[in-house]
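In what follows, a single structure is set out as structure tokens and then discussed.
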Amino acid sequence: MTNAPPSPSATTMSKTTTNTPGSQPASAPATAAPSATNAATITMSTTAPTSLLRAQHIEFIRNLDTRRDELEYWLTEHLRVNGIYWGVTALELLGARDALVPKDVVQFLMSCYNADDGGFGGFTGHGSHLLYTLSAIQVLVMYDRVNVLDREKVVSFIAARQNPDGSFTGDQWGEVDARFSYCAVSALSLLGRLDAIDTAKAVEFVLACRNFDGGFGTVPGAESHAAMVFCCVGMLDILGQLDEIDTQALGWWLSERQLPCGGLNGRPEKLEDVCYSWWVLSSLAMLGKVDWINKAALVQFILSAQDTETGGIADRPGNLPDVFHTLFGLAGLSLLGDSTLGAIDPTYCMPRAVIDRVRPKVAPRTGAPVPPAVTGPKPAQREL
Ligand code: GRG
């Protein structure tokens, strides 16, 4: 399966010239007043799709792994495990799990497992990193195949990433980032092993990434960014610490991300991008404030970014689609109440039905004590 690049802005390719950055839309959404600190935005096309192209999106994802003659397929090789998570989750929301063969997917994921340290790389033979380890665990949980893991070994890889100040490094090379705090806590929660880390110190670090505007950055002192808000709020939610957040300030900052075209940006003065329909909206959902944006305008923005020829969703209308934006567009529509899609859990970015199934193992949301460890089968009992 191919997938999208790490930074959408690095690969955005325009299919058409119908969007005109800098011009104002004919009618701005009623509740989405343009912020004085936001950049100019696009004009929505009147010929853009207005309904969900469900069948085309399923075909788009099903075909991703057949595009091996395309440069992008190989340029994104290092992210393949993330791509599988994005594609599998999107298919789950579309009610189309059978579009891929779970056994083959699990087999490929396990080819990316590094038995020496217990983590997953982004591709077969690549070094272990928390980003890929979480994606692999998420897919195994969705397929109910966590039994293939040497659970204790995976837990030891994740726990070993925690620093004395509570932060996490993604891999052995030492980069610290709030994303990795989310990855570690989400993954351990899904494995029922939050007891393996110092959760109080983990919370302390994430709270140190909070800024005066209510948002969160990658590290203490870094600019607030919506993707980091998702990571920090999600991590605090899993650990039952949402009370630590100034929900009024953060809710205001998040709702200011909506631009006149209906789309959301990730920080002031930046362009709208479909993926923020997830990072911003999921954060608002965790805070119980989805109504603080103009939902109808955002729905139309996401639908407009669908590709009518190939299926899939792009970062913004008129650009080429990829699986990253396809997942986060669909996930956003799900949070916005599209009843033709499966419901998504805003904290885990996994189908709500899956989280409900594993709920006894995952952490509570109420600040109650972390649940006891769940012991997995012995490695000898594992099978693909
Ligand atoms: C389970 C959904 C889920 C995530 C796991 C890995 C992770 C936790 C989160 C990643 C968050 C992240 C860094 C997303 C990328 C967001 C993005 C579009 C970044 C681009 O930033 P800029 O500065 O673009 O290039 P802007 O939009 O600011 O111009």
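Overview of results
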{"quantity": "Listed peptides 147-158, 310-321, 180-191 by packing density, highest first (mean Cβ within 10 Å)", "calculated": "180-191, 310-321, 147-158"}
{"quantity": "Per-bin percent of Cα-Cα distances, the range 54-358 [20 Å]", "calculated": "35, 60, 5"}
{"quantity": "Which of Thr169, Thr133, Thr326 has the fewest Cβ neighbours within 10 Å, and the rest in rising order", "calculated": "Thr169, Thr133, Thr326"}
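No value in this document is a laboratory result; all are computed from the given coordinates. In this text, all values refer to a predicted model and were calculated from it rather than measured experimentally. Cβ sites come from the backbone with ideal geometry, for glycine too, and all protein chains shown count toward neighbours.
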